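Heads up: the structure comes next, in structure tokens.
Please treat every number below as a calculation from the coordinates, not as lab data. These figures come from a predicted structure and were not determined experimentally. A quick note on method: Cβ atoms are made from the backbone with ideal geometry, for glycine too, and the neighbour counts reach across all protein chains shown.
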Amino acid sequence: MNADFPIVKMPGHLIRRLHQQSTAVFQERVRAAGIEITSVQFAALSALAQWPGIDQATLAGMVAYDRATIGGVVARLVDRGLVVRWTDADDRRARKLRLTEEGAALLNRLTPLVTELQPQILGSLTEEEAAQLVRLMQKSLSLE
């Protein structure tokens, strides 16, 4: 695509394209390792490793997914034996979550792989440029 084409100066378009690139790299590398998992499932496993026992609604906020959709993500992780879900004794509407031993083992296997593929997502950026982009994205999302 030509740099003179106006759409390539629009952040929304560039973010969408970068998301496509990120998803493609993630799926290619993870499948090559013989693992079937989505980036959202990886994010959910990562959050549960750091905060075991959080409820499903909190998990949705942590991985920036809507509450309705995270239910399907969690159900698939439960079906695969990677996550355990139970009803909170204090709030019968809340569903608490934690990793199983199998979920923790898969996360331990995945984390170095996912860390290693990050530079591929950003293509030809130098380490300094990549770090700057990450800082700017965090700032834009009010995460810093």
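Just checking, does the range 107-125 include any residue being among the hydrophobic types (A, V, I, L, M, F, W, C), more than 30 Å from R17 (Cα to Cα) and not in a loop (DSSP other than H, G, I, E, B)? No; the residues of the range 107-125 include none that is among the hydrophobic types (A, V, I, L, M, F, W, C), more than 30 Å from R17 (Cα to Cα) and not in a loop (DSSP other than H, G, I, E, B). Could you tell me whether any residue of the range 91-98 is in contact (Cβ under 8 Å) with a residue 12 or more places away in the chain and within 18 Å of the chain's Cα centre (by Cα)? The answer is yes, given that some residue of the range 91-98 is in contact (Cβ under 8 Å) with a residue 12 or more places away in the chain and within 18 Å of the chain's Cα centre (by Cα).
List the pairs whose first member sits in the range 1-25 and is touching a residue at least 60 places away in the same chain (Cβ under 8 Å), whose second member is surrounded by 12 or more Cβ atoms within 10 Å (Cβ to Cβ) and not in a helix (DSSP H, G or I), and whose Cβ atoms are under 9 Å apart, counting only residues at least 6 apart or on separate chains? Within 9 Å, the pairs are L18/L122; Q21/L122; S22/L122. Restricting the search to the range 1-36, which residues are charged (D, E, K, R) and within 16 Å of V114 (Cβ to Cβ)? E28, R29, R31, E36 - these are the residues of the range 1-36 that are charged (D, E, K, R) and within 16 Å of V114 (Cβ to Cβ). I need a count of the residues in the range 11-40 that are under 20 Å from R76 (Cα atoms), among the charged types (D, E, K, R) and surrounded by 11 or more Cβ atoms within 10 Å (Cβ to Cβ). Adding up the residues that qualify gives 1.
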